[in-house]
Amino acid sequence: TAPFRQGGLLDGKGLMAELKIITEKEIGNAWETLRRYKQGKTSLENRIVEEEMFFKQRHWEILRKPGDPIKPTSGWMFNSIVNKHADAMDNYPEAICLPREESDEECAQSLTNIIPVVLQRNNFEDTYSDNWWYKLKHGACAYGIFWDNKAEHGLGDVLVNKIDLLNIFWEPGIRDIQKSRNLFICDLVHLDVIKSMYPDKNIVGSAETEIKKYIYDDNVDTSDKVLVVDWYYKKGDKLHFCKFCENNVLFASENDPAYNNGWYEDGEYPIEFDVLYPEEGTPVGFGIISITKDAQLYIDTLDNLIMDYTNAAARARFLVKKGSGINEKDVLDPNKAVIEIDEGVDERRIKQFSLNTLNGYIMNFRETKVDELKETSSNRDFSQGGTMGGVTSGAAIAVLQEAGNKTSRDMSDASYRVYQRVVHKVIERMRQFYNAERVFRITGENGNNEDVKFSNASLINQPMGRPVFDIEVKAQKQNPYSTLSQNETIMNLYSAGLFAPENAQAAMVVLELMNFEGKKKAMEFVKQGMTLQNQLMQMQQEMQMMMQENAMLKGVGMEMPVA
């Protein structure tokens, strides 16, 4: 069995050929390349760690000077990120495989049914959600599409998971990750675990090229862990793979004649980046925190100043003349009902000191910064489902929401394009590794569960060529206002009589041109109504013919002469 990435460690039982292309010398060069790549993304790693603190609203912990008190924060930026994530999950994607050749239609339909099952086994919706959080915070996220040879009880299956950007290293200065000469994916593994899986390797543990760490609330101890590196590199049009730890080669595809065609035969790195706001010279970008943190800091600073001023203005303070015979503690004690003094009191001896009312321009400036943050992050009221001006119609709310939600749709469209590439890589893993026939339980068109058999026999090179599929992505879910708008549309069509049995043919034409959730079910109802209408008309015609025949028989009987 071939070793794999991110689904578990190698079991150390793969047979290695006598030919040793990757040795300790090549591993030493790989370490040097990895260190150089890590230095190239130092600023990105520092930014990610800092942005994680901003997301947790604990940014003053890293910005304040020693001895300064921790200041309170507001959640405007957090609210923007939460709402964008909700928009993304309201439009969770699903893939439809379309054939380019007529002979591939059956295979395309099978893939359309099977791919959701494969992704569901990978808990892909959780991965999609986690990556969207990461993308919104840090500007990019990464999907890993691997082959896990231990899945399905050793049969193997496609593995799709999230890869932390702190664990990936690529060539500095490139925009397309596929153009990087090398790609490293690092992971910290317990020393005793890796030694038990590779007892023949002399692994003692080291601090080679440590991975950048987040600031955790818990005390995370990594002293008993060792860095394991997955090294992907290209030679010509072939992708090769090497797993190493310290100077030990755990596995190298170039050392195994079974991988003469490379590790993954599509020749591409098994990583797909989903970028929010792209940046030149890097395959990743920047996120909402990068563009809103300054406005958030202004808001927090103003909030702290306003709170300090409010606290000062709310406290009773007095100007007391020295030697006035007034006990200061008695004056400042709110529980003291009676205060004794030596002589009479006037404003020359004690006077309350008060601050002027806070100037309104400070509050206006704060509101301006709040609006700036909301506009910059495209987190307006209608984007969050809020209404104003008495708008209550679901259709009207949906229209306003769509008009003010262009950036959310643009973000989702970008993720859909990445999702298409992820699905293409899933198909490539199936093409390479689905040698044995396997059975999938899917939901058929009639809603019943069906067992479908599938293997890569229909995906490998055929007499007509290598099957290629177009991937169409559509939203699987709709937000509540879109659903309400669709319901109103259906009710309006029903009120107009479009679904009356005599209008069934016209209804089919209208429904065919429309696009909404539940369209297929509506067309089935119309077809049923059309069938019942045809049956009714046929019965009416038969009854009319029978009545005519009875009338003719009665007429003939009346004209017969009496015997």
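At-a-glance table
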{"item": "Filter result for Ile177 (in contact with a Leu (Cβ under 8 Å, 6 or more places away or on another chain) and open to solvent by less than 20 Å² (accessible area, probe 1.4 Å))", "result": "yes"}
{"item": "Region 357-382, residues that are in contact (Cβ under 8 Å) with a residue 60 or more places away in the chain and not polar (S, T, N, Q)", "result": "Ile362, Phe365, Arg366, Lys369, Val370, Glu372, Leu373, Lys374"}
{"item": "Test set (1) at pLDDT 95 or above; (2) out of contact with any Leu (no Cβ under 8 Å at 6 or more places or on another chain); (3) among the basic types (Lys, Arg) - Lys135 fails condition number", "result": "(2)"}
{"item": "Region 38-84, residues that are crowded, with 19+ Cβ neighbours inside 10 Å and among the β-branched types (Val, Ile, Thr)", "result": "Ile48, Thr73, Ile81"}
{"item": "Scan of region 270-282 for residues that are assigned to a loop (DSSP other than H, G, I, E, B) and buried (at least 22 other Cβ atoms within 10 Å of the Cβ), ordered by number", "result": "Pro270, Leu276"}
{"item": "Hits in region 206-215 (condition: at pLDDT 70 or above and open to solvent by 50 Å² or more (accessible area, probe 1.4 Å))", "result": "Glu210, Lys212, Lys213, Ile215"}
{"item": "Condition broken by Leu227, with the remaining ones in (1) over 26 Å from Glu24 (Cβ atoms); (2) open to solvent by less than 80 Å² (accessible area, probe 1.4 Å) satisfied", "result": "(1)"}
{"item": "Criterion: assigned to a helix (DSSP H, G or I), more than 30 Å from Asn113 (Cα to Cα), at pLDDT below 75 and not polar (S, T, N, Q) - qualifying residue of Lys527, Lys554, Lys521", "result": "Lys554"}
{"item": "Residue match in region 5-27 (condition: buried (at least 16 other Cβ atoms within 10 Å of the Cβ), modelled with pLDDT of 85 or more and not in a loop (DSSP other than H, G, I, E, B))", "result": "yes"}
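The values are calculated or read from the model by the stated rules, or taken from the named source; none is laboratory data. Keep in mind the model is a prediction, meaning the values are calculated, not measured. Please note: Cβ atoms are built from the backbone with ideal geometry, for glycine as well, and neighbour counts cover all protein chains shown. What goes into the accessible areas is simple: the full protein's heavy atoms, side chains included, and nothing from ligands, DNA or RNA. Shrake-Rupley method; radii C 1.70, N 1.55, O 1.52, S 1.80 Å.
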